[in-house]
Amino acid sequence: MSTTRLYTLVLVLQPQQVLLGMKKRGFGAGRWNGFGGKVEEGETIEEGAKRELREESGLTADTLHKVGQITFEFVGNPERMDVHIFCTDHVQGTPTESDEMRPQWFQLDQIPFDDMWPDDSYWFPLLLQKKKFLGHFQFQGQDTIVAHMLCELRKLRDS
């Protein structure tokens, strides 16, 4: 029997740039990613996203825009990850390294897909085109996508 756990992911976008963080420890260590993590008891999904952004990068955002939702499953692991993906183009503060993440700005034509999760190259272009999407990715280990579905949506259901 599988269980599903709520997660968030926030991408900070500026003209021609995206802020990514190098994951320093834990799940996904050694990969560039957006900022996010588990939604805690008593939090809304958006509150969890804002908290994770602040904890991992030192940045605060008044407004987040939900752009996608992807379910991840890993063969042999009964827990599915229900990831709600947000973007923002307005943050307060200066990106600051945390125990978990080392933030760095990347030009949009230099996104380090080879050092990111393999699924990112599928949905990231939709995010950059300001399109909304829904997806499902099944992994064998952390490097091999064995099945996936990704579709563009006109409207995304609220969190």
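The values are calculated or read from the model by the stated rules, or taken from the named source; none is laboratory data. In this text, all values refer to a predicted model and were calculated from it rather than measured experimentally. Neighbour counts run over all protein chains shown; Cβ positions are idealised from the backbone, glycine included. Keep in mind that these areas ignore ligands, DNA and RNA; they rest on the heavy atoms of the full protein, side chains included. Shrake-Rupley method; radii C 1.70, N 1.55, O 1.52, S 1.80 Å.
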Listed residues ASP143, ASP120, ASP82 arranged by accessible area, highest first, probe 1.4 Å: ASP143, ASP82, ASP120
Heavy atoms of HIS65 accessible to a 1.4 Å probe, total area in Å² rounded to 10: 90
Estimated FRET transfer efficiency (ASP115, HIS136; beta-carbon r; R0 22 Å; 0.05): 0.40
MRE, 222 nm, helices only [DSSP H, n ≥ 4, -39500 (n - 2.57), over the chain, to nearest 500]: -4000 deg cm²/dmol
For CYS151, solvent-accessible area (1.4 Å; no DNA, RNA or ligand), Å²: 50
Cβ-derived FRET efficiency at R0 22 Å, GLU79 paired with GLU41, nearest 0.05: 0.85
Given (1) 2, 9, 16, 21, 22, 17, 9, 3, 0, 0; (2) 2, 9, 19, 23, 24, 16, 6, 1, 0; (3) 1, 9, 16, 18, 17, 13, 9, 6, 5, 3, 2, 1, 0, 0, the label whose value is P(r) over Cα pairs in 5 Å bins from 0, in percent derived from this model: (2)
Heavy-atom accessible area per residue - the chain, 1.4 Å, Å²: 54
Accessible carbon and sulfur surface of region 12-132 relative to its total accessible area, %, 1.4 Å: 45
Non-local Lys pairs in the chain, i.e. 8 or more apart or on different chains, that have alpha carbons under 17 Å apart: 12
Under 20 Å from the HIS148 label point (7 Å along Cα→beta-carbon), backbone N, region 61-98: 67-77, 80-87
Under 19 Å from the SER98 label point (7 Å along Cα→beta-carbon), backbone N, region 56-73: 56-66
Nearest-10 value in Å² for the accessible area of VAL75, using the 1.4 Å probe: 70
Centre separation in Å (Cα based) which lies between region 97-119 and region 1-40: 10
Label-to-label distance, nm, for residues given as GLN107 and HIS90 (7 Å Cα→Cβ offset): 2.8
Cα long-axis angle, helix 45-57 against the chain (0 to 90 degrees, to the nearest 10): 60
